[in-house]
There are 2 protein chains.
Amino acid sequence: MACPKNRLMVVVMSFDLGKVYSYIDEQAEAFVKDLVKLVKQPSVSAKGEGIVECAKLVEEMMRDAGLSTKILTGQKGNPVVYGEVKSKSSRKTLLFYDHYDVQPPEPLEKWKYDPFSGKIAEGKIYGRGVTDNKGNFVSRLKAVHGFLEVFGDLPVNVKFFVEGEEEIGSPNLEPIVKAHKCLLSADAAIWEFGGTDRHGRPELYLGLKGVLSVELRAKGALKDVHSANAPLIPNPAWRLVWALNALKSKDEKILIKDFYENVRSSLPEETECLKNIPFEDEEMRKELGIKYFLKGVSGLEALKALLFQPTCTINGLISGYTGKGSKTVLPHEAMVKLDFRLVPDQKPEEIFEKLVCHLKTCGFEDLEIIKYGSTEPAKTPINDPFVVLVAEAAEKVYGKKAVIYPLSAGSGPMHLFRNFLGYPIVSAGCGGPESNTHAPNENLEIEGFIKGTKFIATLISDFAE
Amino acid sequence: MACPKNRLMVVVMSFDLGKVYSYIDEQAEAFVKDLVKLVKQPSVSAKGEGIVECAKLVEEMMRDAGLSTKILTGQKGNPVVYGEVKSKSSRKTLLFYDHYDVQPPEPLEKWKYDPFSGKIAEGKIYGRGVTDNKGNFVSRLKAVHGFLEVFGDLPVNVKFFVEGEEEIGSPNLEPIVKAHKCLLSADAAIWEFGGTDRHGRPELYLGLKGVLSVELRAKGALKDVHSANAPLIPNPAWRLVWALNALKSKDEKILIKDFYENVRSSLPEETECLKNIPFEDEEMRKELGIKYFLKGVSGLEALKALLFQPTCTINGLISGYTGKGSKTVLPHEAMVKLDFRLVPDQKPEEIFEKLVCHLKTCGFEDLEIIKYGSTEPAKTPINDPFVVLVAEAAEKVYGKKAVIYPLSAGSGPMHLFRNFLGYPIVSAGCGGPESNTHAPNENLEIEGFIKGTKFIATLISDFAE
């Protein structure tokens, strides 16, 4: 079904971006105040803390900015706050994907200020979620608000999709997106995260890896037995070790049959643009106390591995006695948690099938295999006109060439928009190299926040042309 | 240095065993009372509970029975209670190895009666340690007491060595035994455990497997990191999986170089005597809810594997996140606990060296290897005259041919007596097939206890001849 387009008569109108910039500068203090208010509202999805209150606040802020809003809910999960403004002068639509939920603030003792105080110090706003993702959301909202205040109109139609479960893997998002195909139609989208690097260069991300999380369980006897019985009684811990060994070899090669089948090799232009990425690999090794990266890679080679390599990771495993000293026990069960990071065009469903089949082929049909969450990888081509447009807009505001990541090592529900709804997506934001997202003392520089707001205004303006 | 022999003039004396039997029957109730008293005294070595009190009570009981006693202590560990009676009429010496410590009684809710109540019901005494090993100790003491009461003398010299750390692997025993070579010299010894099978046949055990307990630790980064970093950051859980895989293959073959080097193959007469062992393998599989034993063995073949095969067992392992659901984490450490059950003539020290060397050769020099306790295997030949003598004494009392286990699947400090002090050792006792040793509702049939006392009296009498 084709989605109905904005039927309004298009009025040719001129939007002087300078006026919007001036408005942003004038209102900077008020914008910060609004962001602090949002940061003060806890919204920890992992604990279900403050979710409804935060969704309500987000909706209020959207309305105050002149958007019409709507709450989207699925059969379960936290509400999605949708907002939109129709342009009188354009048929083009830009969508912003954001989330109002935040990571848990723990460990609390490592915070300089209360994580939900929104404390302002040293030109920064401190608080859990201030960069990831409340600051980005507010910068976008304020840019839109700016156009509406100054011109009573926008150069493009704008849509906001602000979900509440990003930090727990967006487990309930798919049916919501699929049920609102027309509502969420757009010509391009800006994803939730991004910022500037140590040199003040804007960073843009064109994709996310997919992920598949599974658990394998091996069972032995009905109960733990004395290890004297080891010549006779199957040991599930050994079963698990051998099964895992059949999944990945010591040289880090994933052995699942056809695992690498749909891996799209990186294009020369993608590899080329890695050269511009300031990857501080030695610093990373030093911080983590490791001498070498896997396979001894470093520099560009390491960055390429980080972004383009699919992985199979043991997240955790347990069996039997793990206390102090020794215990002569033969355990009756063993469990391992694994995640697979997938790159375009691997599909989690297919990888899961291949995993099940491989374990069976290798003689491990006795293992129980539990599938947890999964998301597909998603990527927008580096030469997509929208990527060029975003990069140029960023350069205008930041005065430096954008650093483009063809893919990010992380994961998220981008594929629902990129693969299902089908438009180009770039992730960009107003974070900084010391924003401490997901860590104690998360913060956002006020200057970065205001600049980020101008960047979005510029992008809105440029996208219309 | 040769140990000085008993220098007393040997007086030829006749010991009418019938009189000792009558005394035992007459005193049965008093014997039970004394055993109950000992059971009521908790002595949980794993928790250090009641140890000193129990050692004191054991020494008192020995003195009351007419033994001279001595407390043997090492630099650390629980006291060993030593007792002896010199015979006026024999230079031969029989030593009894026992232990006064018991397993923890947990889980308490599964006991019908308080585990330290010594409750008598259904012709049985209930209590933690009543069979393992307090009942056996008291039966031996009472047999000796019987001779002394009836004749004022014993047919042989008798020594008791009653330690307090058997249930935690006798970690401090070696220096004590080595420091008292002469005191502990003997012509033969009776080990702590044994009993009758479902058909009332006495069971004798001629040896114990050795054991070596180790822990392997793998380290990665200084802290857990996001699993998005998996293409670069070493994962200690994977390291451990691959190291373990290098130790044992899926077909249960231990891959450590020269691991099987000193394994003494079982003799035809040993294999032959397995045929008399009522090994209820189908019942065992049913109880444990497993369809097959490892490698599909059953019956005699399974029994042979159980007794003569060395093993490498994962007792427990842990790494990373093991809670509910999934967590995209890359752990920074991983740990596995292993035990090796060893058969004659494997030596734990050699096996440890081979393990270290093998891991190094296989490229796992990064693993930390921690050695916990170890004991050597020990075995008395099936055709040793003492074995024949014990078997005949048992047949006289129980009216059925003894079932001889050339080796037991369990472990213990027997090697200190068998290998270091050099005399033949047989393990025999008064337990039954439903004694529940190491389990809730441990009990000892009063009839079995009294019969066991007569068996020891018979053995003392026969050993003199």
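Numerical summary
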{"quantity": "Members of the stretch A:235-251 that are surrounded by fewer than 23 Cβ atoms within 10 Å (Cβ to Cβ) and either without any contact (Cβ under 8 Å) to a residue 60 or more places away in the chain or at the interface with chain B (Cβ under 8 Å from one of its Cβ atoms) (or both)", "calculated": "A:Trp242, A:Asn245, A:Lys248, A:Ser249, A:Lys250, A:Asp251"}
{"quantity": "Failed condition for B:Arg264, given (1) charged (D, E, K, R); (2) under 22 Å from B:Ser411 (Cα atoms); (3) within 14 Å of another protein chain (Cβ to nearest Cβ)", "calculated": "(3)"}
{"quantity": "Of the criteria (1) closer than 30 Å to B:Val397 by Cα; (2) in a loop (DSSP other than H, G, I, E, B); (3) at pLDDT 95 or above, which one B:Leu35 fails", "calculated": "(2)"}
{"quantity": "Hits in the stretch A:215-231 (condition: at pLDDT 95 or above and more than 8 Å from chain B (Cβ to nearest Cβ))", "calculated": "A:Leu216, A:Arg217, A:Ala218, A:Lys219"}
{"quantity": "Among (1) assigned by TED's automatic domain parsing to the domain that holds A:Glu53; (2) at pLDDT 95 or above; (3) β-branched (Val, Ile, Thr), the one test that A:Ile168 misses", "calculated": "(2)"}
{"quantity": "Filter result for A:Ile277 (of a type in the set (A, V, I, L, M) and within 10 Å of another protein chain (Cβ to nearest Cβ))", "calculated": "no"}
{"quantity": "Residues of the stretch B:43-101 satisfying the condition of being in a helix (DSSP H, G or I), among the β-branched types (Val, Ile, Thr) and surrounded by 14 or more Cβ atoms within 10 Å (Cβ to Cβ)", "calculated": "B:Ile51, B:Val58"}
{"quantity": "The listed residue being at positive phi and not acidic (Asp, Glu), out of B:His415, B:His438", "calculated": "B:His438"}
{"quantity": "Candidates B:Ile256, B:Ile233, filtered to the one that is among the aliphatic types (A, V, I, L, M), in a loop (DSSP other than H, G, I, E, B) and within 24 Å of A:Glu215 (Cα to Cα)", "calculated": "B:Ile233"}
{"quantity": "Subset tally (residues that are out of contact with any Leu (no Cβ under 9 Å at 6 or more places or on another chain) and either surrounded by fewer than 19 Cβ atoms within 10 Å (Cβ to Cβ) or not assigned by TED's automatic domain parsing to the domain that holds B:Lys134 (or both)) for the stretch B:33-42", "calculated": "2"}
{"quantity": "In the stretch A:295-347, the residues that are free of Cβ contacts under 8 Å to residues at least 12 places away in the same chain, basic (Lys, Arg) and more than 7 Å from every other protein chain (Cβ to nearest Cβ)", "calculated": "A:Lys324"}
{"quantity": "Residues that are hydrophobic (A, V, I, L, M, F, W, C) and closer than 23 Å to B:Phe160 by Cβ, drawn from the stretch B:422-451", "calculated": "B:Ile425, B:Val426, B:Ala428, B:Cys430, B:Leu444, B:Ile446, B:Phe449, B:Ile450"}
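So that you can scan it fast, the table gives a plain yes or no per residue for (1) touching a Cys at 6+ places or on another chain (Cβ under 9 Å); (2) hydrophobic (A, V, I, L, M, F, W, C); (3) on the phi > 0 side of the Ramachandran plot:
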| site | (1), (2), (3) |
| --- | --- |
| A:Gly325 | no, no, yes |
| A:Leu342 | no, yes, no |
| A:Gln346 | no, no, no |
| A:Cys357 | no, yes, no |
| A:Gly363 | no, no, yes |
| A:Tyr372 | no, no, no |
| A:Asn383 | no, no, no |
| A:Val388 | no, yes, no |
| A:Glu395 | no, no, no |
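Residues checked against (1) in a helix (DSSP H, G or I); (2) farther than 18 Å from A:Val211 by Cβ; (3) not small (Gly, Ala, Ser):
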| residue | (1), (2), (3) |
| --- | --- |
| A:Ile404 | no, yes, yes |
| A:Gly410 | no, no, no |
| A:Leu416 | yes, no, yes |
| A:Asn419 | yes, no, yes |
| A:Pro433 | no, yes, yes |
| A:Asn436 | no, yes, yes |
| A:Asn441 | no, yes, yes |
| A:Glu447 | yes, yes, yes |
| A:Gly452 | yes, yes, no |
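The values are calculated or read from the model by the stated rules, or taken from the named source; none is laboratory data. Every value quoted in this text rests on a predicted model; they were computed, and no experiment measured them. Virtual Cβ from ideal backbone geometry, glycine too; neighbours counted across all protein chains shown.
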